[in-house]
């Protein structure tokens, strides 16, 4: 509480400093290229272009923001140096007051559903879940953005228009789609290179190679740790990240229809997937996978195991564990984890699901339809790459010799009152010029995460994670069945896998049948049938 009170007296100073840097020329002078001036001065250009008509009457909008628990000491995700700068920009340009409403990241969709059903949702909300968006739309819970998009969405059209069709239903724009930046796979596996070296083993290229490594880690404990864990896994119940790439490698998609029917999480129930789950069950019962992973729903144990150096292999979101790798490297004084692709398909090739170019669905609840214009101005402002860059990297950032923005360290961000995950505030556009060039991307990673690896490490990371690049077919349609049952079925599918992985081998077949029947009763087959029917109508 004392820190919070202290922050109030300091916040104005922080915000003022950020504003001076963003609207003046100091960032451009410090940057190593003339292009840096453009980014740092972008807000000034926009301010000059603002007219009295743009400003309109004063209005207050509430905007959802994720809380990852990484706000700077003495600040919150709703009130910090960056949110204060954004608020100032919106007030000066459009006479819009912005208030942020925090939602825990790990349960954001559940919280969103509760807020929407109770009529207490902020004016701008978002989700990556297409089924949730479609359900809100079909039930009349969303404001029609079509006219506001035509009138105030000029920068959205200019910079992120390619993604916007996914937010359209029956000719109406019911969501603005976020544009992703660097193309990235959904999940990536990591392995201890130093342990491979001690064991005299080569980098695994197949699942058989991986299993041999996992067994050697258990038997020989190359790290000499007290509690060695060959494959660390968590029980996060909102993501399939810990197992999906492995399980899906047992699935053969004969055509686009199969890939559409069993896309993303539904790969866990595709023909062949049960063989992958059974293999995980075998590994679990051999002691090669974290024993109590299913109860570790907040990942606390999982994170502790990784940073303690007890883990030989794991599968996770592609870049989310860089901090853990950095901590471990520093503790041991050497490089540890490297990316690995070893989940081969039946023909020996790889399939690495990549994120779609569109990101989350940004929505305005029906209860906020009188504020649609103001909300669209907020979103359109963020669509400009210059503004987006200043949100993600702060107005105080510099660029390197290639014009790539330099990321502040966590310590630097905290010292200035910024949250660690600034890109959570940039909900519209992450695509910038540098995000399409390997050398720029690799160089940026090396500068942003020096504790993880050097340029060579990240060049290898770029190549390995891209092997077998694949995107599931997507369409703006969501069937009534998926709208009705999709969210529950997706949650149940994760539980389905966890239960099967951690059961005793003699119970596997019976439990698999029981749990699969539960999925069917919950609406799984109706969803699959509807997907098949829709695909046939468009093909």
| request: Tell me, yes or no, whether segment 294-316 has at least one residue that is under 22 Å from residue 519 (Cβ atoms), in contact (Cβ under 8 Å) with a residue 12 or more places away in the chain and in contact with a helix residue (DSSP H, G or I) (Cβ under 7 Å, 6 or more places away or on another chain). | output: yes
| request: Report yes if some residue within segment 487-500 is exposed (fewer than 15 other Cβ atoms within 10 Å of the Cβ), in contact with a helix residue (DSSP H, G or I) (Cβ under 9 Å, 6 or more places away or on another chain) and at negative phi; otherwise report no. | output: yes
| Tell me, which strands (runs of 3 or more DSSP E) lie completely within segment 301-391 with 3 or more residues that are modelled with pLDDT of 95 or more and under 30 Å from residue 250 (Cβ atoms)? | 311-317, 337-340
| said: Here is a check on your reading of the model: is residue 162 part of a helix (DSSP H, G or I), over 28 Å from the mean Cα position of the chain (by Cα) and surrounded by fewer than 19 Cβ atoms within 10 Å (Cβ to Cβ)? | reply: no
| said: Here is a check on your reading of the model: is residue 237 within 18 Å of the chain's Cα centre (by Cα), in contact (Cβ under 8 Å) with a residue 40 or more places away in the chain and part of a helix (DSSP H, G or I)? | reply: no
| task | For residue 191, state whether it is outside the structural domain of residue 427 (by TED's automatic domain parsing), crowded, with 22+ Cβ neighbours inside 10 Å and in contact with a helix residue (DSSP H, G or I) (Cβ under 9 Å, 6 or more places away or on another chain). | result | yes
| request: Identify all residues within segment 397-417 that are over 12 Å from residue 73 (Cα atoms) and in contact (Cβ under 8 Å) with a residue 24 or more places away in the chain; write none if there are none. | output: 397, 398, 399, 400, 401, 402, 403, 404, 405, 406, 407
| message | I'd like to check something: does segment 139-154 contain any residue that is closer than 27 Å to residue 353 by Cα and surrounded by 15 or more Cβ atoms within 10 Å (Cβ to Cβ)? | response | no
| task | Looking for whichever is farther than 27 Å from residue 321 by Cβ and either surrounded by 15 or more Cβ atoms within 10 Å (Cβ to Cβ) or at pLDDT 95 or above (or both) here; the options are 245, 285, 252, 281. Which one fits? | result | 252
| task | Select from segment 436-465 the residues that are closer than 27 Å to residue 163 by Cβ and surrounded by fewer than 17 Cβ atoms within 10 Å (Cβ to Cβ) and write down the one among them that is modelled with the lowest pLDDT. | result | 436
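The values are calculated or read from the model by the stated rules, or taken from the named source; none is laboratory data. Computed from a predicted model, the values in this text were never measured in an experiment. Positions of Cβ are generated from backbone atoms using ideal geometry, with glycine treated the same way; all protein chains shown enter the neighbour counts.
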